[in-house]
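J.: Sharing a structure with you now.
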Amino acid sequence: MSGTSPGLQPPADAVKPVRHPDAPAPGEPLGAHYGQCFGCGGDQPHGLHLEARAGEGVSITAEFTVRPAHQGAPGLAHGGVLATALDETLGSLNWLLRTIAVTGRLETDFLRPVPVDTTLYLEAEVTAVAGRKIYSTATGRIGGPDGPVAVRADALFIEVKVEHFVNHGREEEIRAAMDDPDQLRRARAFEVNP
């Protein structure tokens with residue numbers, strides 16, 4: 001991404017990301033990290049319902065279709081919704097690292113309008129890791145996975161402990177997620193929220 005701010009440049013001692021051995025296999029769907037998540041949750045009637053799949057290395061692909069509830073200008077996706085799709089896709093990368101992390105910085109470029117009923121094809125990858133900092137990049141294309149780039153982003157995620165969510169989240173939702181008997185779903189509930 002051109003013009004990326006200095007805060008999104010990995011330091012000289014950053015290392016190449018390493019996919020966790022228990023990460024989903026390439027092509028495997030990641031599923032929603034939390035049912036109520038606006039980005040990927042199936043329990044949000046006006047959410048994005050973004051669907052992500054593991055890629056090679058520390059990368060993923062994802063898709064979401066812009067619906068009328070997602071528009072800003074008449075007939076076009078709201079820029080904040082597109083930023084949400086990028087953030088959701090970038091945050092899902094952390095599942096391949098098996099790291100709980102939150103968005104520290106997200107820098108976006110909007111290159112083309114994205115009309116309602118258009119599917120946005122997203123690709124994202126982790127580019128570097130430096131201590132608790134995870135650097136990543138994403139693009140969103142229209143017209144197909146090889147179509148023109150409509151949006152792109154660079155991001156910095158910060159690794160946190162689950163206590164971050166316990167201390168800052170609404171108690172009833174935290175309790176419901178922590179009581180989920182599905183260990184993977186319980187872990188994923190706390191992976192990407194700021």
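No lab work stands behind these numbers, since they all come straight from the coordinates. This structure is a prediction, so every number in the text was calculated from the model and none was measured. Backbone-built Cβ (ideal geometry, glycine too); neighbour counts: all protein chains shown.
J.: Which FRET efficiency value, to the nearest 0.05, is calculated for residue 130 and residue 23 with the Förster distance at 22 angstrom and r the Cβ-Cβ distance?
T.: Details: r = 20 Å, r/R0 = 0.92.
Efficiency for this residue pair is about 0.65.
J.: Calculate, for residue 73 and residue 146, the FRET efficiency according to 1/(1 + (r/R0)^6) with r their C-beta to C-beta distance and R0 25 Å; round to the nearest 0.05.
T.: Numbers: r = 26 Å, r/R0 = 1.06.
E(calc), rounded to 0.05, equals 0.40.
J.: Related question: Through the Karplus equation 6.51 cos²θ - 1.76 cosθ + 1.60, θ set to phi - 60°, convert the phi angles of region 41-50 into ³J(HN,Hα) values in whole Hz; use x for Gly and Pro.
T.: x, x, 8, 9, x, 10, x, 6, 6, 4
J.: Another question, then. Please compute the contact order of region 5-75 in relative form: average sequence separation of alpha-carbon pairs under 8 Å and at least six residues apart, divided by the residue count, as a percent.
T.: Value for region 5-75: 22 percent.
J.: Between residue 46 and residue 9, what is the FRET efficiency for a Förster distance of 41 Å, r being their Cβ-Cβ separation, to the nearest 0.05? Display every interim value, and only then the final one.
T.: Numbers: r = 36 Å, r/R0 = 0.87.
The computed FRET efficiency comes out at 0.70.
J.: Now, a different point. Determine the relative contact order of region 12-118: mean sequence separation of Cα pairs under 8 Å and six or more apart, normalised by residue count, in whole percent.
T.: Over region 12-118, the number comes to 25 percent.
J.: Please give the peptides 29-41, 100-112 ranked by average Cβ packing (other Cβ atoms within 10 Å per residue), highest first, as a rough proxy for protection.
T.: 29-41, 100-112
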